[in-house]
Amino acid sequence: MIDITLTINGEKRQFAVNPGETLLELLRREGYKSVKKGCESGDCGACTIILNGRAVTSCIVFAVKADGGTILTAEGLENDGKLHPIQEAFLEEGAVQCGYCTPGMEMATYDLLSHNPDPSPLEIKEALSGNLCRCTGYVKQVKAVKTAAKKISGEAK
Amino acid sequence: MSRSQVTKYLRPSTPEEALTLLRNGGKSARYVGGGADVARTLPGDVTTLIDLCTLNLSSIEESAESIVIGATATLNEVLENRSVANVCNGVVAEMMRKVGSPLLRNMATIGGTLVSAHSWSDVIPLLLVLDAEITLYDGDSRTMGLGDLYASRERFANSILTSVMIPVSGPGDYAAFHKFSRTAYDIALLNCACYVHVEEGRCTEARIAAGGTPRLATRLPQVEAALPGEALSDETIERVAQVARDTVKTADDRRASGEYRKQLIYAGVKSCLHEIAQRLEGGQ
């Protein structure tokens, strides 16, 4: 076992991990169940988290690699019972159906909007291109990201 | 997917240390870059992983002649870099946007991509035509053309790729990249990259490469030879694209037939050269 330190959703924690363990496996066993297990090969995006500021598929990140790093999961978006603007936008636009892809989509959106506060529809589609949704036709998610961008820039004013 | 076979995950701080660890580990040891590829396709006999991302090799620096990209810079870091954006009208970023998804590009490293050498890689054909060089460390550092690495890959099997150099481009340098795939996210059925140097309206130098033929990307000397001395007219472009269709060796695999790939290389060369011709006309 290897000892690692991670700051997850603002909380500094220590873990003993197996050398071959992935971040997805670690996060789920520690109770971060918003991180969904899908393809386990980096193709579907259900396990997307923010690692050191960028969205990655946690199923193909070795946990040891994240040692000393900062992680944000969908659990960390909510603040004192108040939903994050991205979460509000996904609800309002009806971008959630079965919900399995939703946390991953929200984290990919978080990365996009942190680097590009006013994305074009094409930029939104590119940013979500690694997140598969089997229920919808992606139209509502693209709308939700636009709405989230407006909410966040409105808050900033 | 269990990777419980892995019993050691080592984090060296210098290339010397990494090399020693690999030699000690023998066949059961393997280097890891971003890890995306290794985590997906870890061979059953690998039990020791040696992480190269702890070597502090991820900076991107521009000198007068070239942009030096550390091997563990991620593909998105390369995509977003301002110096890289100046190379031949941003062709590197344009190509990178077609590689996987942003989620993968935040993990995958440029060094890992070049060493994995997937036959469908979009990065390799473009870097071949941009005349990129790489530096390998195997006790000593040596610099060579990217093509030389693939010509004698087995000889360099234990070496560590430490950096990639892309020459800065100047007036008259043009490049374009084209990828054919079933979906934007899918790997290429075939891809192609063209570089030309143009002086007074005529091409003085050309480098063209294709990947996913379905073999690993290579330069196409016969196609390149059809360009020097010519202006990029519709007729020239048609002729060069036909040479590509008639001379590039293609084969069948489960993704596409060799015959279909011949049509793709024709269309790919045509599309790259038309893009360059349009830029020339627009004076860009």
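Structural remarks
- Across peptide A:15-23, the mean count of Cβ atoms from other chains lying within 10 Å of each residue's own Cβ comes to 5.
- Backbone N within the stretch A:65-107 under 16 Å of label point (7 Å from A:LYS150 Cα along the Cβ vector): A:85-95
- Computed with the Debye formula from one identical point scatterer per Cα of the stretch B:91-216, without solvent, the log10 of I(q)/I(0) at q = 0.10, 0.11, 0.13, 0.21 Å⁻¹ comes to -0.33, -0.40, -0.56, -1.27.
- Cα-based shape type of the stretch A:11-156, given that a ≥ b ≥ c are square roots of the gyration tensor eigenvalues and the cut on a/c is 1.5: prolate
- Measuring only protein heavy atoms, the 1.4 Å probe finds B:GLU133 accessible over about 80 Å².
- The residues of the stretch B:173-281 present an accessible area of 45 Å² per residue when probed at 1.4 Å with all protein chains retained.
- Pair B:ASP131, B:ASP246: separation of 7 Å Cα→Cβ label points (nm): 2.9 nm
- If you bin all the Cα-Cα distances of the stretch B:173-281 at 10 Å, starting from zero, the percentages per bin are 16, 51, 26, 7, 0.
- Nonlocal amide H pairs with A:GLU78, under 5 Å, H built at 1.01 Å: A:HIS84
- Eigenvalues of the alpha-carbon gyration tensor of the protein assembly as shown, scaled by 5 and square-rooted, set the equivalent ellipsoid semi-axes at 38, 28, 19 angstrom, largest first.
- Given charges at beta-carbon only (K, R positive; D, E negative), |dipole| of chain A in Debye: 260 debye
- Partner chain coverage, peptide B:32-44 - average Cβ within 10 angstrom: 4
- Descending principal axes extents, the stretch A:2-76, alpha-carbon based, whole Å: 28, 25, 21
- Take the Cα radius of gyration of the stretch B:39-140 and divide it by 2.2 N^0.38 Å, N being the number of residues; the result is 1.11.
- Taking chain B as a whole, the Cys residues whose C-beta sits 4.7 Å or farther from every other Cys C-beta are B:CYS53, B:CYS88, B:CYS192, B:CYS203.
- Once you divide the Cα radius of gyration of the stretch B:132-186 by 2.2 N^0.38 Å, the number left is 1.53.
- Across the alpha-carbon set of the stretch B:1-58, the Rg to Rh ratio works out to 0.95, Rh being the Kirkwood radius.
- Chain B shape via C-alpha gyration tensor axes, a/c threshold 1.5: prolate
- Among the listed pairs A:LYS65/B:LYS98; A:LYS12/B:LYS8; A:LYS33/A:LYS151; A:LYS125/B:LYS98; A:LYS65/B:LYS8, a Cα-Cα separation exceeding 20 Å is found for A:LYS65/B:LYS98; A:LYS12/B:LYS8; A:LYS33/A:LYS151.
- Positive-end extreme of charge dipole, chain B - chosen from B:PHE180, B:ALA36, B:LEU216 (charges on Cβ): B:ALA36
- Given R0 = 22 Å, the distance between the Cβ atoms of B:ARG82 and B:SER13 translates into a calculated FRET efficiency of 0.15.
- Partner aspartates and glutamates for A:LYS36 [C-alpha distance under 19 Å; skip if fewer than 8 residues away on the same chain]: A:GLU21, A:GLU25, A:GLU75, A:GLU78, A:GLU106, A:ASP111
- Average partner coverage of B:102-114, which counts Cβ from other chains inside 10 Å: 6
- Cα-projected label distance for B:ASN56 with A:ASP80, points at 7 Å along beta-carbon direction, nm: 4.1 nm
- Estimated [θ] at 222 nm from DSSP helical runs (n ≥ 4, -39500 (n - 2.57)) normalised by residues in chain B, nearest 500: -9500 deg cm²/dmol
- FRET efficiency for B:GLN222 and B:GLU65, using Cβ-Cβ distance with R0 set to 45 Å, rounded to 0.05: 0.95
- Buried surface for the B/A pair, taken as the accessible area of each chain alone minus that of the pair with a 1.4 Å probe, is close to 2300 Å² in total.
- Solvent exposure of the stretch B:8-50 amounts to 46 Å² per residue of accessible area, where only protein heavy atoms count and the probe is 1.4 Å.
The values are calculated or read from the model by the stated rules, or taken from the named source; none is laboratory data. If you're wondering where the values come from, they're calculated on a predicted model, not measured in any experiment. Glycine gets a Cβ as well: all are built from the backbone with ideal geometry, and neighbour counts include every protein chain shown. Heavy atoms of the whole protein, side chains included, go into the accessibility calculation; ligands, DNA and RNA do not. Shrake-Rupley method; radii C 1.70, N 1.55, O 1.52, S 1.80 Å.
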